[in-house]
Amino acid sequence: MRNSPPAARHPRLIYLLNVAQRRLQRWMAAQPSSEVTPAQAGLLFILGKQDGVLMGEAGAALDMGPAGISGLVDRSAAAKLVERRADREDGRAWRVWLTPKGRGVLAQAKTDTAAINATLTEGFTNAEIEVVARWLKSIQDKFPREISRDTTRDPED
């Protein structure tokens, strides 16, 4: 086997993806113009498209579970960015609404996001960015948030 060609070296995609995500999150959080965390900005973007969304819907859109979205809404409400109100038809459900301060912060977050996206895409063609976006979206399909495991199955089966 000495003469067999070397195996093709695969890029370290998991490592590269994780490092890129952490660096981007830290950079975004450290910006002086940023009044919000990236997660809070995500919540504001959702409410900018549909104010008064159910907390569960916001959580699903942000790929967060009930505890995660509850904490995010709590922190955002404490910062006076959003307001939580009981749903009129289902007293157990809560809706989240932008406050006037939240609308102003949303406008700044949109400007900041446009600048970050310009930096992220700098040096790449639209076609290249479309491939990257398609690849990142495919990860969500290949690795869904909710993984069902059949724990009742006999391991001998």
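Okay, here's what the table says:
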read-out: Among 28-35, 100-107, the order from most to least packed when residues are scored by Cβ within 10 Å on average; value: 100-107, 28-35
read-out: FRET efficiency for K80 and T119, using Cβ-Cβ distance with R0 set to 30 Å, rounded to 0.05; value: 0.50
read-out: F124 accessible area, assembled protein chains, probe 1.4 Å, Å²; value: 120
read-out: Of W27, T113, L81, farthest towards positive along the dipole that unit charges on Lys, Arg, Asp, Glu beta carbons give region 1-145; value: W27
read-out: About the Cα centre, charge dipole magnitude for the chain (Lys/Arg +1, Asp/Glu -1 at Cβ), debye; value: 540
read-out: Under 20 Å from the Cα of K101 - lysines, other chains or at least 8 residues apart; value: K49, K80, K110
read-out: Cβ-derived FRET efficiency at R0 25 Å, R23 paired with V131, nearest 0.05; value: 0.70
read-out: Charge tally in the Cβ shell below 12 Å around V53, where Lys, Arg are +1 and Asp, Glu are -1, V53 excluded; value: +1
read-out: Heavy-atom accessible area order for W27, W97, largest first, 1.4 Å probe; value: W27, W97
read-out: Computed accessible area, D63, all protein chains, 1.4 angstrom probe, square angstrom; value: 100
read-out: Heavy-atom SASA rank of R75, R84 (probe 1.4 Å, accessible area, largest first); value: R75, R84
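The values are calculated or read from the model by the stated rules, or taken from the named source; none is laboratory data. Owing to the predicted nature of the structure, the values given are computational and were not obtained by experimental measurement. Every residue, glycine among them, receives a Cβ derived from its backbone with ideal geometry; neighbour counts consider all protein chains shown. Protein only, heavy atoms only, side chains kept; ligands, DNA and RNA dropped before computing areas. Shrake-Rupley method; radii C 1.70, N 1.55, O 1.52, S 1.80 Å.
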